[in-house]
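This report concerns only the one structure given below.
The values are calculated or read from the model by the stated rules, or taken from the named source; none is laboratory data. As the structure is a computational prediction, the values presented were derived from the model and not from experiment. Glycine gets a Cβ as well: all are built from the backbone with ideal geometry, and neighbour counts include every protein chain shown. Note: accessible area is taken over every heavy atom of the protein model, side chains too, but ligands, DNA and RNA are not part of it. Shrake-Rupley method; radii C 1.70, N 1.55, O 1.52, S 1.80 Å.
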Amino acid sequence: MAQERPNRLAEWLMLVRKQMPVVHEHFATWLEAVREEPRLAWETSAVRYTAYGLSGVMLIWLATTLTGSLTPPPPPSARAAATTADFHVVCSDPHCGYHFVINRKFGFDDFPVKCPQCQRETGVSARRCNSASCGGRWIAPARTDQGLQCPVCGAKLE
Ligand SMILES: [Zn+2]
Ligand SMILES: [Zn+2]
């Protein structure tokens, strides 16, 4: 029983060795025929399908290369601007009043934040006061009964 496997292999190898010259002969005659009439190579299905496959791969490669070059990659700054934003902050302490800008996630509203000048949690979301005396100055809006007011000039904020 143990001898059966190698014997089978040997038999198979013998068979292949016996077949090899036949395959060689077939190939040689095919090559000879192709040399006489090149159209025959195309009519051989193996050659034809290989050509189809190669041109298919070429077309896919061309398509992906073209679409890749037609749509330019977004600039790196565009992605950063989509997730974070600059927030103007003014220290609500009238003795400090420091104006600074922080970069936080879009929609951030976790005020007050730490003021880098006086080191206290007094930084509030700043607004621009467009009154004649303030002229667009960044201020910390004061909440009054009439709504938001500029603490510097007392103008009402929209
Ligand atoms: Zn401050
Ligand atoms: Zn003002």
Check your understanding: Which one is modelled with the highest pLDDT, of the residues in region 62-90 that are away from ligand 2 (no atom under 16 Å from the Cβ), open to solvent by less than 60 Å² (accessible area, probe 1.4 Å) and not aromatic (F, W, Y)?
Key -> V89
Review point. Just one of the numbered conditions (1) out of contact with any helix residue (DSSP H, G or I) (no Cβ under 6 Å at 6 or more places or on another chain); (2) modelled with pLDDT under 90 is not true of V47; which one?
Key: (1)
Exercise for review: Filter region 92-123 for residues that are within 16 Å of ligand 2 (Cβ to nearest atom) and modelled with pLDDT under 95 and give the result.
Suggested key: S92, P94, G97
Exercise for review: May I ask you to say which residue of S125, S45, S55 is open to solvent by 40 Å² or more (accessible area, probe 1.4 Å) and touching an Asp or Glu at 6+ places or on another chain (Cβ under 9 Å)?
Suggested key: S125
Study note, to complete from the structure: Those residues of region 103-140 that are within 16 Å of ligand 1 (Cβ to nearest atom), assigned to a loop (DSSP other than H, G, I, E, B) and either of a type outside the set (D, E, K, R) or touching a helix residue (DSSP H, G or I) at 6+ places or on another chain (Cβ under 8 Å) (or both) come to a total of 10
